[in-house]
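**Q** The structure that follows is given in the form of structure tokens.
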Amino acid sequence: MRVTFIQAGGITGVSRGCDIDSATLPGPEGEQLAKLVRKLESAPPAAGGAGPAAPGGPKPDAASYLVRVEEAGRTREYKLADGSMTDSAAELVRFLSSRAKPRRL
């Protein structure tokens, strides 16, 4: 499983991200990544969804996230935002954020 993560916005406005292949991570980390992706995919959408606008309009300084999962010839994309994501999505974002580095858009 290959996961691309991009974080944009937030207080600093710096774009951060990472590309991770679960096969190259140490055993427990690769398994944890796969588990977190499965939890995201099986969770019901957050109230307000992961669409372009959260309830109540845009949130100042909120970060937005793109998670792209490539596996078995299939690609899925998830657009997430602070304040409108499920606990499962937030857990995956924390895992990926800890591995993210500044990047250019």
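Throughout, read-outs are computed from the coordinates displayed, never taken from laboratory work. This is a predicted model, so every value here is computed, not measured. Neighbour counts run over all protein chains shown; Cβ positions are idealised from the backbone, glycine included.
**Q** Quick check: pseudo-label points 7 Å beyond the Cα along Cα→Cβ at residue 29 and residue 1, how many nm apart are they?
**A** According to this spin-label approximation, the distance is 1.6 nm.
**Q** If you take the beta carbon distance between residue 104 and residue 75 as r and set R0 to 22 Å, what does 1/(1 + (r/R0)^6) give as a FRET efficiency, to the nearest 0.05? List each step's numbers first, then the result.
**A** Details: r = 22 Å, r/R0 = 1.02.
With R0 = 22 Å, the Cβ-Cβ based efficiency is 0.45.
**Q** Give me the one-decimal nm value for the distance between modelled label points at residue 87 and residue 43, 7 Å along each residue's Cα-to-Cβ direction.
**A** Rounded to a tenth, the inter-label distance reads 0.9 nm.
**Q** Tell me which residues come under 5 Å, amide H to amide H, from residue 103 once H is placed; ignore anything under 5 positions away on its chain.
**A** 15, 16, 17
**Q** Just to confirm a number: summing +1 for Lys and Arg and -1 for Asp and Glu over residues other than residue 35 whose beta-carbon lies under 15 angstrom from that of residue 35, what do you get?
**A** Values: positive: 38, 39, 94; negative: 29, 31, 41, 71, 87, 91.
It works out to a net charge of -3.
**Q** Moving on to the next point. Which aspartates and glutamates, on any chain, are close to residue 35 with Cα under 19 Å apart, when same-chain ones fewer than 8 places away are left out?
**A** The reachable aspartates and glutamates, counting only those whose Cα sits under 19 Å from residue 35, are 19, 21, 70, 71, 77, 87, 91.
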